Amino acid sequence: MDADIRREWRLPLALLLCIFLLGLLPRLYSAALLGWGWDGPGTFNLVNFDEGGSCRAALGGFKYSTFIGRQTIAIAGLLGAGPPPGIAGDAAAVAAYCHGAEHIRGARIFSAVTGALTPVVLALLAFCLLPAQPAVGLTAGALLALSGFHISESHSGTVDAPSVFFIYFLLLGAVAASTRWRRALWALPPLLTAAVWAKYWVFALLTLAAALPATVGEFVARGWSRWRFCLAVLTVVIAFGCLSNSDFPLGAWPLLALGYLAVPWRRIAPGMIPLWLAAPFLGFALLQIEVVASYTMGAMEGRFGSSYAAIGWHKWLRNALNIPLVLTVGLGLPAALCIPLGVRSLLRSGPPWRPWLCLLPLVVFLLFMLVPAPVTYYRHYLALIPAAALLAAMGFWTLPRRWARVGLPLFLAWPALLAWDLVADYHRDPRIELRHWYQQARPERLLFSYYVQPPRLPEVAQGLFRESFARDGGAVLRQGQYLLLSENWYDTAFANELNGPLIGDLQRLVKTTPFNAQFYRQALAGEVDYLRQERVIAVNNFMPELVLHKHWYGTFQLFVGDIHIFRILQ
């Protein structure tokens, strides 16, 4: 019997190992190379300015989750590169250590390994959910391993890829415990702690819903059709989105009562009536809690000018558009087109539902990002990518079997090409080419925006550009010789994942001011009379997802973007 089991699992284990290696090699390769050697052998430049944030928090130099940082510091210590004694609490010293090459190397290795393990965890999760369809799990794992978006987050020393690993490890444990491996229950408390603490992902707590008795589910679902229940939940989310929007007038409260029309009051359990009646009032009460308001509404002003709440009603279109954009670029167009087929397949499947209920945190997180989420950097959607890969794989294998087998190589080759195109942008970072421009132009006086990260040369008088320099006809700015602008800084003046597509009202733009936005628009359009564009070091792509995204929304990658070089006319 044992020999038969070993033979049965030999092929799946070999395929899982292949998926792990397929995920590990590109992630580890980029983690080991990006940022090194820009200014000569042995030099290091930070590529992703979010790297090391959890490390800084663990050493008391930053407010953030400390979970991942404690682990990366421990790894650095094992490599002989632990923090110097006595730096805890000193923000400058902590930042210098956490952003240093030795710590970043360990943090990136940790991120790359956890990122490569996530496709394996996803495949195992699919095996538990769909034991009769192993091809779905293997396809989903391969899709995630080849995701250029997931690769780019995994080769950075941030919390994002490790956080997603712990989230899906928790989901795997919960699903395993609800199907065949009851011993997995013992692993859930530490996994739940890791999933929440890694990035304050409180949605993980909803995994506990799968442990509720079946009678609770029957009580909640009594009197509902599947579609009407989904509609009612969506109306509650929309009501909360209205309440958490800075543009919502208090006089419009009665309009929220329209959501009550979605509830079949005569058919639902009597005990559920007060809960549905109180839903909008509970939402309003939650928003009186500062931490809830900050995570759902945001502030109107910040240190860069406007903050996340300034977008107002434009948030609805932005949030609704961001999800299909990030899933399409994250997995590729063929996989994205298969996601609706996967959703249909899931809804048509019968019981048992309890294992699927373990994925409730992802559904609630999707609704959160769809409606009230104020902060919508693409990396915040990373937890949705594995689930989308699973749905895409389910949808793909609903196609006629003959078509699916013939089309599988193309289905996986497309995201592989997309990953090549996306990750190559980091290896062809415009900031590398900028070093060659310095050698050719030999500038003497230069101003640069955030994220340009120019070479530090003693013979060049250079400093950080502030938008106030452009006031009064550019009196201060005219004292320079060149102005370097990074797309990652000026993109707040244009359509992007924070502003959405509606950018006509400068008051609605996020993390900028009307004056700053107007200046950048005029400068890039050649309408500032004392600025002459001398060169553009651009990010170039060949895959349609990235080409179209750049045309409408700018470069997809965070911290890698075009650099515009302007000559300042005297």
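FYI, it's all coordinate maths here, none of it is from the lab. Source: prediction; values computed, not measured. FYI the Cβ positions are ideal-geometry reconstructions off the backbone, even for glycines, and counts take in every protein chain you see.
Around the Cα centre of the chain, unit charges on the Cβ atoms of Lys, Arg, Asp and Glu (plus for the first two, minus for the last two) sum to a dipole of about 1500 debye. Temperature 25 °C, viscosity 0.890 mPa s: under these conditions the Stokes-Einstein estimate for segment 204-399, based on its Kirkwood radius over C-alpha pairs, is 132 µm² per second.
Proximity of backbone amide H atoms, modeled 1.01 Å from N, is registered between Gly302 and Ser307 at under 5 Å, excluding neighbours fewer than 5 places apart on the same chain.
Arrange the peptides 532-540, 123-131 so that the one whose residues have, on average, the most other Cβ atoms within 10 Å appears first. Mind dumping the intermediate values first?
Working: 532-540: 15.6, 123-131: 22.2.
Listed from highest to lowest mean packing, they are 123-131, 532-540.
Here the gap between Leu277 and Cys18, fully extended at 0.36 nm per residue and compared with their Cα-Cα distance, gives a gain of 88.0 nm.
Subtracting the Cα-Cα distance of Ala211 and Gln440 from 0.36 nm times their residue separation leaves 75.9 nm of extension gain. Loop-located trypsin sites (Lys or Arg not before Pro) across segment 149-194 with a Cβ neighbour count of 13 or fewer within 10 Å are Arg180, with loop assigned by DSSP.
Quick one: if the Förster radius is 22 Å, what FRET efficiency do Ala320 and Ala257 give, using the C-beta to C-beta distance and rounding to 0.05? Walk me through the intermediate numbers first.
Details: r = 24 Å, r/R0 = 1.07.
The pair Ala320/Ala257 has a calculated efficiency of 0.40.
Unpaired cysteine residues in the chain (no second Cys Cβ under 4.7 Å): Cys18, Cys128, Cys230, Cys242, Cys338, Cys358.
If you plug the beta carbon distance of Arg10 and Glu527 into 1/(1 + (r/R0)^6) with R0 = 60 Å, you get a FRET efficiency near 0.35.
Taking amide hydrogens as placed 1.01 Å from N in the peptide plane, the amide H of Leu531 sits under 5 Å from those of Leu569, each at least 5 positions away in sequence or on another chain. For the chain, the 222 nm mean residue ellipticity estimated from helices alone, with every DSSP H stretch of n ≥ 4 adding -39500 (n - 2.57) and the total spread over all residues, rounds to -17500 deg cm²/dmol.
Rounded to whole numbers, the Karplus 3J(HN,Hα) couplings from phi for segment 494-502 are 10, 5, 7, 5, 8, 8, x, x, 8 Hz, using 6.51 cos²θ - 1.76 cosθ + 1.60 with θ = phi - 60°, and x at Gly and Pro.
Summarised in one figure, the compactness ratio Rg/Rh of the chain, Cα atoms and Kirkwood Rh, is 0.98. In this simple spin-label model, placing a label point 7 Å from the Cα along the Cα-to-Cβ direction at both Phe219 and Lys63 gives a separation of 3.9 nm.
Of all DSSP bridge pairs formed entirely within the chain, close to 70 percent run antiparallel.
The tail of the calculated P(r) for segment 97-215, taken as Cα-Cα distances beyond 25 Å, holds 29 percent of the pairs.
Which loop-located chymotrypsin sites (Phe, Trp or Tyr not before Pro) does segment 137-216 contain, where loop means any DSSP state but H, G, I, E or B and the Cβ has at most 16 other Cβ atoms within 10 Å? In loop regions of segment 137-216 (DSSP not H, G, I, E or B), the sparsely surrounded chymotrypsin sites (Phe, Trp or Tyr not before Pro) are Trp181, Tyr200.
Put the Cα centre of segment 432-510 next to the Cα centre of segment 342-367 and the gap is 46 Å.
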